[in-house]
Ligand code: LAC
């Protein structure tokens, strides 16, 4: 598998690092790190090549300022764009990042026909819309269906961590999924979450659950406030989790085209298609369904705003 990562900042480089360490189990033989800034991707690639040598891993890491090096990628991860600063919401980035993502996708399309494209740039769901529309125009529906957004795997991991800590359980004991958009409107599926296969409501009171839901929703901002910039270890791991899920039975929450909007839903990624797990959406309780519907409305208006911005570019 050839993996290209656009944007050699914190998230991009850390994704390359984790993917390189897991390269043999994931079947990755080449990782290309592209950035417009000169020397940075080359420097990080050199460091990473020396890193994998420590473990005798057979993976080649290339740092480049040219999209030509992404030729024939199987998976492309787009992290390029501005990250949040303290006090900013993800939506504040829309103006700058819409143009960046469009440009990146046009360049990718010149060198790879039908790669999986994983969007990470914020505001996530709107950027998936930008990338998907661009691929649809250039390569048609089958290729556009392979454009997905990383958010739910990250939000779910954050929530599982908070739940595991609170309950004093191992992380593998906790199953919990968040869907919807990447932001305050996300939908943590508490009604189906479990700890050691027991429903959460049996092991935790409502007040605690609500606190954890709130902390998960603000999970990104909590780290922005501490670091002065966006998180990157968990986002990078959550990107690799999606790559790992491709062509397996694993269900992951990713942002895809769902009834005309781009929003996080549980899916399987197999044979180049996205299989939405509608049964899981149908089993939401009424409160979750309402949150999910509100989220669809919110994303719709964000997409309208994005269209306006792109028209003026
Ligand atoms: C976060 C960024 C990746 O939630 O959106 O940390």
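Some observations on this one:
- Meets criteria (surrounded by fewer than 22 Cβ atoms within 10 Å (Cβ to Cβ), within 15 Å of the ligand (Cβ to nearest atom) and under 23 Å from residue 280 (Cβ atoms)) for residue 184: yes
- For residue 168, the conditions (1) buried (at least 23 other Cβ atoms within 10 Å of the Cβ); (2) without any contact (Cβ under 8 Å) to a residue 12 or more places away in the chain are fulfilled apart from (1).
- Test: residue in the range 75-82 that is more than 16 Å from the ligand (Cβ to nearest atom) and either in contact (Cβ under 8 Å) with a residue 12 or more places away in the chain or within 15 Å of residue 131 (Cβ to Cβ) (or both): yes
- Against the test of being within 14 Å of the chain's Cα centre (by Cα), part of a helix (DSSP H, G or I) and touching a residue at least 12 places away in the same chain (Cβ under 8 Å), the options 109, 159, 127 yield a single qualifying residue, 127.
- Residue ranges of helices (runs of 4 or more DSSP H) in the range 188-270 with at least 2 members crowded, with 22+ Cβ neighbours inside 10 Å: 206-217, 233-245
- Answer from 159, 204, 209 - the residue that is in contact with a helix residue (DSSP H, G or I) (Cβ under 9 Å, 6 or more places away or on another chain), over 20 Å from residue 261 (Cβ atoms) and within 16 Å of the ligand (Cβ to nearest atom): 159
Residues are listed down the side, and each one gets a yes or a no for (1) within 30 Å of residue 303 (Cα to Cα); (2) in contact with a strand residue (DSSP E or B) (Cβ under 6 Å, 6 or more places away or on another chain):
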residue: 123; (1), (2): yes, no
residue: 136; (1), (2): yes, no
residue: 154; (1), (2): yes, no
residue: 163; (1), (2): no, yes
residue: 169; (1), (2): no, yes
residue: 177; (1), (2): yes, yes
residue: 185; (1), (2): yes, no
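Quick note: the coordinates plus some simple rules give every number you see, no bench work behind them. On a predicted model such as this, the values are computed, not experimentally measured, just so you know. With ideal geometry, Cβ positions are generated from the backbone for all residues, glycine too; neighbour counts draw on all protein chains shown.
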